[in-house]
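What follows is a set of notes on a single structure, which appears directly below.
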Amino acid sequence: MTTVATFEIGYRRILDPDGTIDGAPPAFARDRNTLVALYRWMVLCRAFDAKAVALQRTGRLGTFASSLGQEAVGVGVADAMAADDVLLPSFREHGAQLVRGVTMKELLLYWGGDERGSDFAGPRHDFPVCIPVGTQAPHAAGVGLSFRLRGEARAAVCIFGDGATSRGDVYEAMNVAGAWTLPVVFIANNNQWAISVPRRAQTAAETLAQKAVAAGFDGCQVDGNDIIAVREATAAALERARSGGGPTLIEALTYRLGDHTTVDDASRYRDDDEVGRHWKMEPIARLRRHLVDAHGWTKAEEEALIADCAAQVEAAAEAYLATSPPAPASMFDHLYEELPAEVARQRAALLRED
Amino acid sequence: MARPHAKTDAVAATAELTLVEAVQRALARAMAEDETVVLLGEDIGVDGGVFRATDGLIARFGADRVRDTPLSESLIGGLPVGLAAMGFRPVAEIQFMGFIYPVIDQIVNHATRMRTRTRGRLSCPMVLRAPYGGGIHAPEHHSESMEALFAHIPGLRIVIPSSPAKAYGLLLAAIRDPDPVVFLEPKRVYRAAREAVVDDGGALPLDRCFTILKGSDVTLVSWGAMLQETLDASESLAGDGVDAEVIDVATLKPLDMDTILESVHRTGRCVIVHEAPLTGGFGAEIAARLAGEGLMHLVAPVERVAGWDTVMPLPRLEARYMPSVSRIVAAARRVLEYA
Ligand SMILES: Cc1ncc(C[n+]2csc(CCOP(=O)(O)OP(=O)(O)O)c2C)c(N)n1
Ligand SMILES: [Mg+2]
């Protein structure tokens, strides 16, 4: 047997769990303002998640999927994106959506059961969250193709979970992105669990990143709790995508510290020790340590930031709770551009019920 | 919506075309008038499609707009959703309807709800074309008629042409429509006959049934390839002095029930003919609507002549599966003789 092809999967971590920086960090990692901005987004995201869970527990929000512990993935990815790139998120990427400009009120509206939450005022071309796991990956290929056809230097960024990588859609999308050299960045947010199924039971593949190899392009792993590595890898992949170099798959290794959703009880399938071990690796404390040690981040700054995030979250929750439900007939109003007579009669029947 | 019906030429070429040629002309016309129209599918490029529906289009419009995809049906369903959200008008081809099922996920979960779930921020003006139906002695999985699976999906349009001119006008309308359309092409009719088609960019309405034959004794309702059997049945009935009206439904969803009700109001009798299996077939929807809205006009029970509720047989038995002229005539007689 002769070797006809060999492949390697790289791994990158820059910010260690103890807050020190290793290796050759990118320039932005030395800039205090940039790091503080990333830190602020992650803290805001965690406060938002906590509030959303609390609202659900008190019957004021629907089922919710928290991103607790995974904040560095969404925030790092979205922070690397340009405004005119397009995000195609799963249902657990509130961090990414917040950075993109989706408001917390909009997110709460969506999770509170109101379509208006996906009519974002901010990133008008970003996709709404995707609940059917992995099915947004083919859309990302389509978005990437639209950029290619128009000759635009833009990229599509698709985030999905470790479980999603077992789905055909994700592979089909990666395969065509490779075949057509499409400007798409695929992010596998590997939080080690797909509800109760652990990563190892999902696939015998050594890494998820290597799934890119079969599709003919590069895949790499990053420490998904290291926002510097996530942002650096995403920025490089975006640069490659925009300049015609085609797609990249980034597997971000992180951990879902919370339940799958508010209707899940993770203690049924994993023990507290495992969760406890991962709390030591989580992304926010890590960056805070670094800010304190390397950039003189003060207690006063920390307290002010936390208070500010809490106030923003409270204001958003209040705005959400004060929003009256949509008019019933609105369920018909965007079904087609122009409602067919057939369905218009049903709309009229609904109106007569009032 | 003035645009779908607008004619774009003063002087246009008229040609005797087959249905598949008419599809090709409509695609070419749509691509020429709108550069956001992009074709996607398996073997649609150099090969021109296994039925030649995209013959010559890659030479005329280039490989960017006439794209051979990998063999990847979930992708062919999902990629247009992304393209359409970014302002393109993708027309995707599934090589045979038997391979369309992975696409249903994308149609139900994304294409038809993008407009609703974003309150109009994003939309999905895509067309999904597929050859369908039996009668050409095709291999297993190539002959089913599964239009009813799509009829249940809110936010969709389902269009089935029965002739070359209909194919041309309806496909243009489907491509210009701002929402997702499933366009099913009866492949038995692809080359069965020629018809004069004016290639002037004129579209046909997507919200109307077409009355093919005026009559006063019984209403025969059908679509797609079965229209031929239905017309043959009406001829046979005419030999016995029965004056049948024949309606081509053409757009199953949204259904133009008014045309069917108006006809049944005059005839009092109705036979619905489709190739798809009986139970849960689209004929059931029409029959239910007749029962609900046309009962006072009916003087006989509504009959449905359909495929059996069996797995579509392989070619040696397929003729015994498909509704035949004699089955339609027999049903019409039962309806006519009902006291
Ligand atoms: C296609 C599909 N199958 C099943 C589900 C139910 N479900 C929701 S989330 C989930 C696990 C997803 O795991 P992963 O992709 O790792 O993402 P995570 O939840 O960890 O963020 C499942 C099975 C779904 N939403 N979609
Ligand atoms: Mg997971």
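The values are calculated or read from the model by the stated rules, or taken from the named source; none is laboratory data. Computed from a prediction, not measured in an experiment: that's the story for all the values here. Counting neighbours? That spans all protein chains shown, and the Cβs are built from the backbone with ideal geometry, glycine included. Ligands, DNA and RNA are excluded from the accessible area calculation, which covers all protein heavy atoms including side chains. Shrake-Rupley method; radii C 1.70, N 1.55, O 1.52, S 1.80 Å.
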Response to the item:
Diffing the stretch B:132-140: the Karplus 3J(HN,Hα) column from phi (6.51, -1.76, 1.60, θ = phi - 60°), in whole Hz with x for Gly and Pro, holds 8, x, x, x, 10, 6, 7, x, 3
Worksheet item: Amide H of B:Val221: which non-local residues (sequence gap of 5 or more, or other chain) have their own amide H closer than 5 Å, using H built in the peptide plane?
Response: B:Ile247, B:Val271, B:Ile272, B:Val273
Discussion item. Give the average, rounded to an integer, of partner chain Cβ atoms located within 10 angstrom of each Cβ in A:331-340.
Written reply: 6
Discussion item. Give me the three principal axis extents of chain A from the C-alpha atoms, as integers in angstrom, largest value leading.
Written reply: 71, 56, 43
Worksheet entry | Set of aspartates and glutamates near A:Lys280 by C-alpha distance (under 14 Å), chain-local residues within fewer than 8 positions excluded | A:Asp16, A:Asp18, A:Asp223, A:Asp226, A:Asp272
Worksheet entry | chain B: most fluctuating residue of B:Ala15, B:Ala85, B:Ala174 per GNM, C-alpha cutoff 10 Å | B:Ala15
Practice prompt. Compare B:Cys124, A:Cys220 by solvent-accessible area with a 1.4 Å probe and give them largest first, with all protein chains kept in place.
Written response: A:Cys220, B:Cys124
Practice prompt. May I ask you to derive the relative contact order of chain A, considering only C-alpha pairs under 8 Å and at least 6 residues apart, and to give it as an integer percent?
Written response: 23
Item to complete: Go through the stretch B:52-152 and name the GluC sites (Glu not before Pro) that are in a DSSP coil and have 13 or fewer other Cβ atoms within 10 Å of their Cβ.
Response: B:Glu140
Discussion item. I'd like the accessible area for A:Leu38: 1.4 Å probe, protein heavy atoms, all chains in place, Å² to the nearest 10.
Written reply: 0
Worksheet item: Just how much of A:Leu339 is accessible, in Å², when a 1.4 Å probe is used and the result is rounded to the nearest 10?
Response: 50
Worksheet item: Ranked from the most accessible area to the least, with a 1.4 Å probe and all protein chains present, what is the order of B:Val108, B:Val221?
Response: B:Val108, B:Val221
Worksheet, complete the sentence: For A:Val222, the residues 5 or more places away or on another chain with a placed amide H closer than 5 Å to its own amide H are A:Arg12, A:Glu251, A:Ala252, A:Leu253
Worksheet item: Tell me, what HN-Hα J-couplings in whole Hz come from the Karplus equation 6.51 cos²θ - 1.76 cosθ + 1.60 at θ = phi - 60° for each residue of the stretch A:339-346, using x for Gly and Pro?
Response: 5, x, 3, 3, 7, 4, 5, 5
Worksheet item: Quick one: Karplus J couplings for the stretch B:229-234, per residue in order, coefficients 6.51, -1.76, 1.60, θ = phi - 60°, nearest Hz, x for Gly and Pro?
Response: 4, 5, 5, 4, 5, 5
Worksheet item: Per residue, how many Å² of accessible area does the stretch B:210-336 show with a 1.4 Å probe?
Response: 40
Worksheet, complete the sentence: Residue-normalised 222 nm signal for the protein assembly as shown, counting each DSSP H run of n ≥ 4 as -39,500 (n - 2.57), nearest 500 deg cm²/dmol, is -12000 deg cm²/dmol
Discussion item. Using a 1.4 angstrom probe on the protein heavy atoms only, could you order B:Asp309, A:Asp22 from most to least accessible area?
Written reply: B:Asp309, A:Asp22
Response to the item:
Sorted by chain and then number, the residues having a modelled amide H within less than 5 Å of the amide H of B:Thr251, at least 5 places away or on another chain, are B:Ile160, B:Arg208
Worksheet entry | 13 Å beta-carbon shell around A:Val36, net charge (K/R +1, D/E -1) | -1
Practice prompt. Could you tell me the accessible area of B:Phe51 in Å² (1.4 Å probe, neighbours in place), rounded to the nearest ten?
Written response: 40
Practice prompt. Pop the C-beta distance of B:Ala12 and A:Ala315 into the FRET formula with R0 = 41 Å and round what comes out to the nearest 0.05.
Written response: 0.10
Practice prompt. For chain A, with all protein chains present and a 1.4 Å probe, just round the carbon and sulfur fraction of the accessible area to a whole percent.
Written response: 53
Practice prompt. Could you compute the FRET efficiency for B:Asp47 and A:Met331, with r as their C-beta to C-beta distance and R0 at 41 Å, rounded to 0.05?
Written response: 0.40
Worksheet item: Just from the alpha-carbon atoms, what are the Rg and Dmax of the stretch A:1-125 in angstroms?
Response: 18.0, 64
Worksheet item: When you look at the Cβ of every residue in A:125-133, what mean number of other chain Cβ atoms sits within 10 Å?
Response: 4
Practice prompt. Enter the mean number of other protein chain beta carbons within 10 Å of the beta carbon of each residue in A:140-153, as an integer.
Written response: 5
